[in-house]
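Remarks on the structure that follows.
The values are calculated or read from the model by the stated rules, or taken from the named source; none is laboratory data. Everything numeric in this text was worked out from a predicted model, so none of it was measured. Please note: Cβ atoms are built from the backbone with ideal geometry, for glycine as well, and neighbour counts cover all protein chains shown. Just so you know, the surface numbers come from the protein's heavy atoms only, side chains and all, with ligands and any DNA or RNA stripped out. Shrake-Rupley method; radii C 1.70, N 1.55, O 1.52, S 1.80 Å.
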Amino acid sequence: MSLGAAVVFLPLIASAIAGFGHRLIGAKAAQAITCLAVIAAAVCSVILFSRVALDHAVITQPLLTWITSGDFTMDWGIRIDTLTAVMLVVVTVVSAVVHLYSLGYMHEDQHISRFMSYLSLFTFAMLMLVTSDNLLQMFFGWEGVGLASYLLIGFWHHKNSANAAAMKAFIVNRVGDFGFELGIMLTFWITGSVQFEAIFAKLPDLADMQFIFWGHSFHALTLATFLLFIGAMGKSAQLGLHTWLPDAMEGPTPVSALIHAATMVTAGVFMVARLSPMFEAAPDTLAFVTILGALTALSAAFMALTQTDIKRVIAYSTMSQLGYMFMALGVGAYGAAVFHLMTHAFFKALLFLGAGSVIHALHHEQDMRHMGGVWKKIPITYAYMWIGNLALAGIPFFAGYYSKDMILEATYAAGPGIGQFAYWAGIVAAFMTAFYSWRLLWLTFHGTPRMDHHTFDHAHEAPKIMWMPLLILAAGALFAGWWGHDYFIGEDRFEFWGNSLVIGEHDIIHRAHEGPHWAAYLPTVMGVIGIVLGIFLYGRRRDIPGKIAHKFALLYRLSLHKFYIDELYNKLFVHPAWRLGSFFSGSDKQFIDGIGPDGVAAFSERTSRRFSRFQTGFIFNYASIMVAGVVLFLGFLLWTYWS
């Protein structure tokens, strides 16, 4: 088995063994197999990254012929270029940490073998997605992570809220996936292929191609890329198709880290980056991507300001950071977007798993209003949360500083109009990000304890199996930005990315490096102001936030209720669908069942009951019936004869 195949299929093999064979091998063996398989995949990914990204090679490996239909043949294969190599490292390293962390976090759960199997299945699906060399194989992985996320979010199926959250994630993503499917179909129609290389080779001939639909003419590539981006909106929780993301917090905390840090939510970012040659040929779609990314970054940061569930705050933070990535993609800074994807994976997984350690220490308490004063009880977790928040806020010289600031500089360099709107939206979001991060930190760890004495007295640091793997994520949050700067967005970026990404006609990253100094410094200044204000309001003057909420009640309610988007969707879609379903359910019972199976059964029962009345047990009754029958029979014969 080659290294590429080992990376992809080791998690699948481990998932199958743990899922189907745990009764034979035992829970401990199932946990060991899944962890070792993903760790081995991570080691292989690092080796592949060195060979592909640093030594500038591309590995392609056909595995089997998947589809043959007439002249159309498509192989199932593995393609590993620099973009894929980066994703392999991110996915497998974070997944390995999550697997190890889960051994401690889920050790009391009697179904831990099934949980570990689902984690490995999720990892396999994501790896299949990022190693695909065609759109159909990518869609296979795309749907695979959707299925696995459904299983993981609803893992605690005894909770109605978990079941509802799993269904919501699955259904909302189906909306985006339908757009993705249409985009694949249209791409095949205009290019005659679903292979990436074949599609990219035909792009120069399609610059002016039009697609006619219902009498309307559309620019073919613009329409195709727009439909593909609809899929990215669902998977990467962009504004409008984001409502599943906060509810997904109903799953166990390791699931939150795996889904919201490095894997499922970044699938849309990866897809747009992979198809960057197509998107470069559709500037109108890129403009839409930029605007939606800016609105997502801004609105998600605003919604995070008032949330009280520690995991939901971090979830909205993820949504906001994904908005930054799409801002970068929209202005053509593809390297900056993938750079932020990589750094964000480390510090966001660190924050989620750190939050899990807090929840573990406080007996599953997630409401920050019932925390406080525990930093001395869990000092290691406290240090991790500081590192993660400093990286998230973009403070020099943490990982987020290098990637997020480059995104904002690139949007500023994109010029007036959409670029300027994205820049200033990102600046405001940067301030709010720092503010809500330190609101979380101070409400969780500082001040007077706001839980019962028993919970506070028994609060303790997580076991080593939970906090030691987080050292890897902490190192990434500290050094990944510094290490990757020159490769991803610096002088070595052309050689590093090769043909895996389009640098862009105007090389926006080069223009960003030449921008004004104040545009580069302003994000850091706003981050520091947000930190200071957060510490002041939630450390020194805790009476002020309540007064602000009262004075600006409308804005407070909009943030607390997430712009009432869920309520709007319930009114427009959920309730009408429920009423329609109830109507058809009633019609099914009254008409179809009533006339069909239930009606036939009732008729048979009534008929048999009436005939049973003749069964009296008296001979003269039976004789009378026989005589009556003979008379009727003779009458029928005579009537037939004379007629």
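Report the calculated FRET efficiency for Lys547 and Lys464 (r = Cβ-Cβ distance, R0 = 56 Å), to the nearest 0.05.
Computed FRET efficiency for Lys547 and Lys464 comes out at 0.80.
Once you have the Cα-Cα distance between Leu568 and Thr640, take 0.36 nm times their residue separation minus that, and quote the gain in nm to one decimal.
This chain segment gains 18.5 nm when fully extended.
Name the long-range amide H neighbours of Leu63: under 5 Å, sequence gap of 5 or more, or other chain; modelled H, no Pro or chain starts.
Trp76, Gly77, Ile78
Taking N as the number of residues in the stretch 152-227, what value does Rg over Cα atoms divided by 2.2 N^0.38 Å take?
In units of the globular-protein estimate, the stretch 152-227 measures up at 1.60.
State which helices in the chain qualify, where a helix is a whole DSSP H run, it must extend 24 Å or more along its own axis by its Cα atoms, and its mean Kyte-Doolittle hydropathy must be at least 1.0.
Those that clear 24 Å and a mean of 1.0 are 3-25, 27-49, 82-105, 112-130, 135-153, 283-304, 334-361, 418-445, 470-488, 517-535, 619-642.
Treating the beta-carbon of each Lys and Arg as +1 and of each Asp and Glu as -1, no other charges, what is the dipole magnitude of the chain about its Cα centre, to the nearest 20 debye?
2360 debye
Can you sort Tyr521, Tyr564 by 1.4 Å-probe accessible area, starting with the largest?
Listed by decreasing accessible area, they come as Tyr521, Tyr564.
Roughly what would the spin-label model give for Ile395 and Trp66, points 7 Å off Cα along C-beta, in nm?
Simple spin-label model gives 4.5 nm for this pair.
From Cα pairs below 8 angstrom and at least 6 apart in sequence, can you work out the relative contact order of the stretch 357-505, rounded to a whole percent?
Relative contact order comes out at 38 percent.
For Asp309, Asp71, Asp543, Asp208, give the ranking by accessible area with the largest first, probe 1.4 Å.
Asp71, Asp208, Asp543, Asp309
Output the peptides 355-363, 457-465, 114-122 sorted from most to least packed, where packing is the average of other Cβ atoms within 10 Å over each peptide's residues.
The peptides rank, most packed first, as 114-122, 355-363, 457-465.
Rounded to the nearest 0.05, what FRET efficiency is calculated for Arg606 and Asn160 with R0 set to 35 Å and r the Cβ-Cβ distance?
It comes to 0.25.
By average Cβ neighbour count within 10 Å, what is the ranking of 32-38, 107-113 from highest down?
In decreasing order of mean packing, 32-38, 107-113 become 32-38, 107-113.
Using a 1.4 Å probe on the protein heavy atoms, what percent of the accessible area of the chain belongs to carbon and sulfur?
The nonpolar share, carbon plus sulfur, comes to 68 percent.
Separation between the Trp482 and Ile529 pseudo-spin-labels, each 7 Å from Cα along Cα→Cβ, expressed in nm?
2.8 nm
Report the net charge of residues surrounding Phe49, where surrounding means a beta-carbon distance below 13 angstrom and charges are Lys +1, Arg +1, Asp -1, Glu -1.
-1
Taking the highest mean first, how do the peptides 270-282, 94-106 order by number of other beta carbon atoms within 10 angstrom per residue?
The most tightly packed comes first, giving 94-106, 270-282.
Keeping all protein chains in place, calculate the accessible area per residue for the chain (probe 1.4 angstrom), answer in Å².
Per residue, the chain has an accessible area of 43 Å².
Using +1 at the C-beta of Lys and Arg and -1 at the C-beta of Asp and Glu, which of Phe288, Val94, Gly534 has the Cα lying farthest in the positive direction of the dipole of the chain?
Gly534
Report the full-extension gain for the segment Thr73 to Ile625: residue separation times 0.36 nm, less the Cα-Cα distance, to one decimal in nm.
191.1 nm
Along the charge dipole of the stretch 88-179, pointing to its positive end and built from +1/-1 on Cβ of Lys, Arg, Asp and Glu, which listed residue (Ala164, Val175, Tyr105) has its Cα farthest out?
Ala164
Between the stretch 415-447 and the stretch 127-187, how many Å separate their Cα centres?
First find each Cα centre; the distance between them is then 29 Å.
Need the C-alpha centroid separation for the stretch 342-399 versus the stretch 274-341, integer Å.
With the stretch 342-399 and the stretch 274-341 each reduced to a Cα centre, they are spaced 23 Å.
May I ask you to rank Trp483, Trp442 by accessible area, largest first, using a 1.4 Å probe over the protein chains only?
Sorted by accessible area, descending: Trp483, Trp442.
Could you calculate the FRET efficiency of Met167 with Asp309 from 1/(1 + (r/R0)^6), where r is the beta carbon distance between them and R0 is 22 Å, rounded to 0.05?
0.65
Which of the following values of Cα extents along the principal axes in Å was calculated from the structure shown: [x] 122, 52, 44; [y] 119, 53, 49; [z] 116, 71, 57?
Recomputing Cα extents along the principal axes in Å here picks out [z].
How high is the relative contact order of the chain, in percent, counting Cα pairs under 8 Å that sit 6 or more residues apart?
Over the chain, the number comes to 12 percent.
Restricting to DSSP loop positions (anything but H, G, I, E, B) with no more than 15 other Cβ atoms inside 10 Å of their own Cβ, which trypsin sites (Lys or Arg not before Pro) remain in the stretch 372-410?
Lys376
How much of Ile171 can a 1.4 Å solvent probe reach, expressed as accessible area in Å² and rounded to 10?
The value for Ile171 is about 90 Å².
Between Leu558 and Asp55, how many nm apart are label points set 7 Å from Cα along the C-beta direction?
So the label points at Leu558 and Asp55 sit 5.5 nm apart.
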